[in-house]
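Engineer: Questions regarding the structure given below will be posed in turn.
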Amino acid sequence: QVELVESGGGLVQPGGSLRLSCEASGSNAGWHAMGWYRQAPGKQRELVAKITSGGLANYADFVKDRFTIARDGAKNGVYLQMNSLKPEDTAVYYCNLLRFSINYWGEGTQVTVSS
């Protein structure tokens, strides 16, 4: 069983920054990819960014040049540095881990961008 715990969400003004962290525990050895998805009210969950175990990162077009995903070796997880935040970035952000074709999800952390 894999457990994912997110942290770092909150309220920030437009143009501000937040850093989300995801720590993986349990039987997570051999994972293929970890990443972040988000879901805004009334919308489907969408990919924000993901990184493979080999370090290859992919980003959604709407966050390129603003967000950075990286592995966090100390926490056995990943973090997402979010800069130049916009009101449309407001959503619940979920950590995801893909291992042996099974997707695992965290409970989500709320990010609200508002003045």
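Engineer: Between Gly16, Gly54, which is open to solvent by less than 30 Å² (accessible area, probe 1.4 Å) and either assigned to a strand (DSSP E or B) or not hydrophobic (A, V, I, L, M, F, W, C) (or both)?
Structural biologist: Of the residues listed, the single one that is open to solvent by less than 30 Å² (accessible area, probe 1.4 Å) and either assigned to a strand (DSSP E or B) or not hydrophobic (A, V, I, L, M, F, W, C) (or both) is Gly16.
Engineer: Can you pull out the residues in the range 22-38 that are open to solvent by 20 Å² or more (accessible area, probe 1.4 Å) and not charged (D, E, K, R)?
Structural biologist: Ser25, Gly26, Ser27, Ala29, Gly30, Trp31, His32, Tyr37
Engineer: Follow-up question, since we're still on this one. Could you grab me the full set of residues in the range 57-74 that are of a type in the set (Phe, Trp, Tyr) and either closer than 19 Å to Leu4 by Cα or open to solvent by 20 Å² or more (accessible area, probe 1.4 Å) (or both)? Give the steps one after another, and end with the answer.
Structural biologist: Just the residues of the range 57-74 that are of a type in the set (Phe, Trp, Tyr), to begin with: 59, 62, 67.
Across the range 57-74, the qualifying residues are Tyr59, Phe62.
Engineer: Here's something else I'd like to know. For the range 65-81, check the following and say yes or no: at least one residue is more than 24 Å from Gly15 (Cα to Cα), part of a loop (DSSP other than H, G, I, E, B) and in contact with a strand residue (DSSP E or B) (Cβ under 8 Å, 6 or more places away or on another chain).
Structural biologist: yes
Engineer: State whether one or more residues within the range 40-47 are farther than 19 Å from Glu6 by Cβ, exposed (fewer than 14 other Cβ atoms within 10 Å of the Cβ) and either small (Gly, Ala, Ser) or touching a His at 6+ places or on another chain (Cβ under 8 Å) (or both).
Structural biologist: Scanning the range 40-47 turns up at least one residue that is farther than 19 Å from Glu6 by Cβ, exposed (fewer than 14 other Cβ atoms within 10 Å of the Cβ) and either small (Gly, Ala, Ser) or touching a His at 6+ places or on another chain (Cβ under 8 Å) (or both).
Engineer: List every residue pair whose Cβ atoms sit under 7 Å apart, with the two residues 6 or more apart in sequence or on different chains, where the first one lies in the range 91-115 and is in a strand (DSSP E or B) and the second, anywhere, is among the β-branched types (Val, Ile, Thr) and modelled with pLDDT under 95.
Structural biologist: Listed by first residue and then by second, the contacts come to Leu97/Val2; Arg99/Val2; Tyr104/Val2.
Engineer: In the range 82-104, which residue that is out of contact with any strand residue (DSSP E or B) (no Cβ under 7 Å at 6 or more places or on another chain) and farther than 15 Å from Arg19 by Cα is most open to solvent (accessible area, probe 1.4 Å)?
Structural biologist: Per the criteria, the residue is Phe100.
The values are calculated or read from the model by the stated rules, or taken from the named source; none is laboratory data. Please read all numbers here as calculations on a predicted model, not as lab measurements. Virtual Cβ from ideal backbone geometry, glycine too; neighbours counted across all protein chains shown. The protein model used for the area step is the full one, side chains on, heavy atoms only, and it has no ligands, DNA or RNA in it. Shrake-Rupley method; radii C 1.70, N 1.55, O 1.52, S 1.80 Å.
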